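The values are calculated or read from the model by the stated rules, or taken from the named source; none is laboratory data. Small disclaimer: the values here were computed from a predicted structure and weren't measured. Please note: Cβ atoms are built from the backbone with ideal geometry, for glycine as well, and neighbour counts cover all protein chains shown.
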Amino acid sequence: MNVLFILITLSSIVAGGFLIAFIWAVKTGQFDDGHTPAVRILFEDTKVSDTDSNNEEELTENK
Amino acid sequence: MAKEQLKCIHCGEDCGKYPVIWEDKPFCCNGCKTVYQIVNQNKLYTYYELEKTPGVRLDNPEFGDKFAYLDQEEIKNKLLEFKDGDFSKVTFFVPTIHCSSCIWLLENLNTLNSGISYSSVNFVKKEVSVTFKESKISLRQVVELMASVHYTPVISLEDLDKKKPKKTNRQLLFKLGVAGFSFGNIMMLSLPDYLAGASGVDPALQRFLSFLILILAVPVLVYSANDYLLSAYKNLKVKIVNTDMPISLGILALFGQSAFEILTNTGTGYFDSFAGFIFFLLIGKWYQGKTYEALSFDRDYKSYFPIAIAKVDGDKESIIQIRDLEKGDRILVRHNELIPVDSELVKGVARIDYSFVTGESNPVSKLIGDPIYAGGKQVGAAIELKVNKSVDQSNLTKLWNQSESGDINAKTLNTIVDRVSKWFTYVVIVLALGTAAFWFFIEPLRAISIFTAVLIVACPCALALSIPFTYGNSMRIFGKNGFYIKQTQVIENLSKIDSIVFDKTGTITESNAVKVVFEGEIELSEEETSLIKSVARQSTHPLSTALYNHFTNIETHYVRDFDEVPSSGVEGKIGDFVIKLGSKAYVCGNNLTQDFLQSQVFVGINGTCRGYFRLENKYRAGLSDLIDELGKRYELHLLSGDNEGEKERLLPLFKKANRLHFNQKPEDKLAYIQKLREDNKNVLMIGDGLNDAGALNSAQIGITIADDIYNFSPACDGILEARKFKFLASYLKMAHGSINTVKASFGISILYNTIGLGFAVQGLLTPIVAAILMPISSVTVVLFVSAITASLGLKYFSNLVEK
C-alpha cells in the first residue's frame, strides 16, 4: 500500500510539470493566434531562389 | 458588344475594355501588373498558386514621399518594438491581409530584400511583425517594400502612444489552465472514494488523498475564481446584487464546507464539484469573450490621423509631426491625404472628400480663403493650407469629446441575468435559513452542514453558463453573417430596442453609387452617350465623375478644345459635335432659377438642349422591404444632414413626416437621441460617419455601417457590413430568439436546482450526488442553448447566403 503514496506524489509532480508547460506556452504567445500557424504549416518548404535556371530569371526581367 | 470579361490575374477585378497585358496575362491596372512583376522576378510564384487572384488592388499605388516621416529618429524610435544592435523589430497593422497567399508572401519578405531577417503574420489581428537589419534596410524602406506589393501598413497617430499589449486574454487562459489542472487531478484523486463502496478507503490513504485535494483546490479558489469573488464583494459594498453574488455564495459554501470536513476529518468534501464548477464557468467566460481582435470598436481620431505631414516653409518642404503643428504653419496636402487640422485654403484646387465625417463621398469644392475642417481628404492635385488651430482644438477633435460626454448616462440596460440573480439570491438565502432553522429543532448538529448544502446545490451553475454560451454562439452567427458586435451584451440590448434611428447619407444610401436618370424628350443614342462620357471624362468635378462612372462598357473618344467654366459646366468638341454639360443657364442659355434640391446636369449637343441627367442618391438594395418589415415592430426615425430634397421619396417609406428630420447637425442628432431617451425609448442608432459619433454613443446601441469593416469607423457597439444592411431585421429577430433561449434555459436550470434542493433540504446531499448533478445540469444547459441558437441561426440566416 505504501507504494501508492510515492506513486501519487510522483504523478502529481508530473502533472504539475504539464501545468508549467501550459503556462509557458501561453506566456510565449502560442495561444495568441489560432489561425496563422494552421495555414503556415501547409506551405511548401522549398527555398524559392535556389533551383531554377538563371536564363529564366533574365527572361522575366527583360520585359 | 459585351466581350468576354477578363479578370485581373492579380486582384480578380474586371479588367474592363482595355486590360493591361503583360506576358499574355490580363491586368486591370498598371499597379497590379507591377506587383505581379515584382513577385515573379523574385520567383515567389507560390503567391499566385496558393489562391487564385490573391492580390489587393490599389487605386493610387504611387507613394512618393508619403513615408518620408519614417526617417525621423523620434518617430522611428516610438514605432520600433525593440532594437538590439543592428536588429530591429516592428509590428504593423495591415488590414488588407485576407488569405493564405497574403500570409505566405508577407512571411517571405526576406526574399524580396535580404535586409529583412524574419517576418511573421498574425492573421487574426491582421498584423505583421518584421525583424530587420538597420544597416541594410531602413524602417521607411521596409514600409515602402510592403507598399510596393500593395500590403500597405496603416500607421496612425495612435501608434505613437506606446502600445499596451493586451494581456487580459492570457490571464483568463492561465486561470483556465490552473482550474482545469486542479479539476482533472481532484477528479482522479476522488475516484477511490467513489468506488470504495461501504467498506471505505484505507483511512491513512484517504487522509493523504484529501489533503492533496485540499492543496490542489486552494489555487482554484484564490486564483481562478478571484474575479467572481472580487466582483461580488465590490458590488456588495455598493449594495448591488448581481450574478456573481449567488455564484460566490456557492463557491464559498462549497470550499468552506469541504475544507472543514477534511481538516476535521469528518468527510471528504465536495472539491471535485467545486473545481469542476469553476472550470466550466471559466470556459463559458472564455467562449463569450472571444472577440473580433482585428476590429476596433473604440477608435478615436488618433487611430485615423496620420503621424506626419509635409510642412512648407518658403520653397522648402519638410516633414513635421502633426502634434507639432502650430497656428500659422503652411502644410501641403496631396492626393488622398487627410487634412489633420482646421485650416484655410491658400493655394490649389481643393476638392475635399468628407466621407469620414459625413458619410457623403462626393467631394466638396472649396475656394481660396475658405476654411477647411479637419477630417476631409483631398482629391486631386496637392493643395497648400494655412493651419488655423492645433490638432487638439480642431472641430473634429471636439466632436469626439462631445460624443464622450454623451456617454455619461449609463448605456447599460438592466440585464436579464442580474434581475434573475437578485431574485434567485434572496430565495436561496431564505430557503437556506429556513432549512437550517427547521433542522435546528430536529437535529441541531446537522443544521450547519445542511445550511451549506443548500447553498452549494443552489449555486447557479447552469444559470451562469447559459448566458455565455447563448450569447457567444449568437455573436458567432452574427459574425459569420457580416454583423460584428463589440461584446455579447449587445445581443440582449438589441432585443429591447423599440425605436430605430437611421442616418441618411451613407447609411440608407450607398456611399459610392449614384443613380443617374436621363430626363429628355428624345432618348440619347449610344453614340451620343459615348460623346457625353468622353467629355465628362475630362473633368474631375464630382458630377462629371459620377456621369463618367455611370456609363460602363462605352467607348470614349478624343476630345478637342476642352473648356471648363467653374460652377457652370464643361464644353468639348469631338469630330463635328460640340458637347456641353452643365447648369441649365450654361447649356440651354435659359436664366430660369434652378431647382437646387437635386443635382441636375443639362446636356447640349450642337447647341440643342437635349434634356438633363438627374443624379440621385441610390438607396441600398432591399431598403423598402426592410423599412416595411421594421415599421411593423419599431418606431422608425430618420436624421439627415442634407436638405429636404429627398423628402418626397422617403415619405412613402417612413410614412410619418414628423419622424423625418433634415438639415441635422451632429449636435442636433445627439440632442434628438437624448430626447428620445428621455421619453423612455430604447434607441438603436444606425449611422456611418463621424457626424453620427455623438448620436451613436448616446443611443443604447450604436451600429456603424461600413463598406470595409477594417476601415475607420466611429466608436460603436457593432459594425455591420454595408451589403448586409438589408438583413437588419433578421439580426433583430435573432437577438429576440437568443433572449428567449436564455429564458428557457433558466427554466431548465431551476428545475435541476429544485431537484438538488430536494436532496439538500432532506440532508441527503452527498459528495457523489453533487458531483453527478452539477456536471449533468451544466452540460444539458450548454447543449440546449447551443442547439437552439444554431437552429435559430439556420432559420434566420440560411436563406441569406449569397453566391
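Brief remarks on what is shown
- Residues that are closer than 10 Å to B:ILE137 by Cβ and among the hydroxyl-bearing types (Ser, Thr, Tyr), drawn from region B:96-116: B:SER114
- Note on region B:670-689: residues that are more than 19 Å from B:ASP498 (Cβ to Cβ) and of a type in the set (D, E, K, R) amount to 1.
- Subset of region B:224-258 (residues that are over 13 Å from B:LYS422 (Cβ atoms) and polar (S, T, N, Q)): B:SER224, B:ASN226, B:SER231, B:SER248, B:GLN257, B:SER258
- Options B:GLU134, B:GLU127; residue that is at pLDDT 85 or above, within 11 Å of chain A (Cβ to nearest Cβ) and over 28 Å from B:ASP14 (Cα atoms): B:GLU127
- Restricting region A:4-23 to residues that are within 13 Å of B:LEU216 (Cβ to Cβ) and surrounded by 13 or more Cβ atoms within 10 Å (Cβ to Cβ) leaves a set whose member that is farthest from the chain's Cα centre (by Cα) is A:ILE8.
- Residue that is under 24 Å from B:PRO775 (Cα atoms), part of a helix (DSSP H, G or I), in contact with a Ser or Thr (Cβ under 6 Å, 6 or more places away or on another chain) and at pLDDT below 85, where the choices are B:SER449, B:SER421, B:SER466: B:SER421
- Of residues in region B:65-110 being outside any loop (DSSP other than H, G, I, E, B), charged (D, E, K, R) and closer than 30 Å to B:TYR48 by Cα, the one farthest from the other protein chains (Cβ to nearest Cβ): B:LYS89
- Any hit, region B:78-90, residues being more than 30 Å from B:LYS7 (Cα to Cα), at pLDDT below 85, basic (Lys, Arg) and touching a helix residue (DSSP H, G or I) at 6+ places or on another chain (Cβ under 7 Å): yes
- Criterion (in a helix (DSSP H, G or I) and either buried (at least 17 other Cβ atoms within 10 Å of the Cβ) or out of contact with any Gly (no Cβ under 6 Å at 6 or more places or on another chain) (or both)) met by exactly one of B:VAL143, B:VAL128: B:VAL143
- Residue satisfying all of: in region B:10-33; surrounded by 19 or more Cβ atoms within 10 Å (Cβ to Cβ) and in contact (Cβ under 8 Å) with a residue 24 or more places away in the chain; farthest from the other protein chains (Cβ to nearest Cβ) among these: B:CYS11
- Region A:28-45: number of residues that are facing chain B (nearest Cβ under 8 Å) and either in a loop (DSSP other than H, G, I, E, B) or loosely packed, with under 13 Cβ neighbours inside 10 Å (or both): 8
- Any hit, region B:190-210, residues being within 14 Å of chain A (Cβ to nearest Cβ), in contact (Cβ under 8 Å) with a residue 60 or more places away in the chain, surrounded by fewer than 18 Cβ atoms within 10 Å (Cβ to Cβ) and of a type outside the set (Val, Ile, Thr): yes
- Filtered residues of region B:111-124 (kept if of a type in the set (S, T, N, Q) and within 14 Å of another protein chain (Cβ to nearest Cβ)): B:THR111, B:ASN113, B:SER114, B:SER119, B:SER120, B:ASN122
- Residue match in region B:704-716 (condition: crowded, with 24+ Cβ neighbours inside 10 Å and part of a strand (DSSP E or B)): yes
- Meets criteria (within 14 Å of chain A (Cβ to nearest Cβ), at negative phi and surrounded by 14 or more Cβ atoms within 10 Å (Cβ to Cβ)) for B:LEU6: no
- Residues satisfying the stated conditions in region B:128-147, i.e. in contact (Cβ under 8 Å) with a residue 60 or more places away in the chain and among the β-branched types (Val, Ile, Thr): B:VAL143
- Residue satisfying all of: in region B:656-673; out of contact with any Gly (no Cβ under 6 Å at 6 or more places or on another chain) and under 10 Å from B:GLY694 (Cα atoms); surrounded by the fewest Cβ atoms within 10 Å (Cβ to Cβ) among these: B:GLU667
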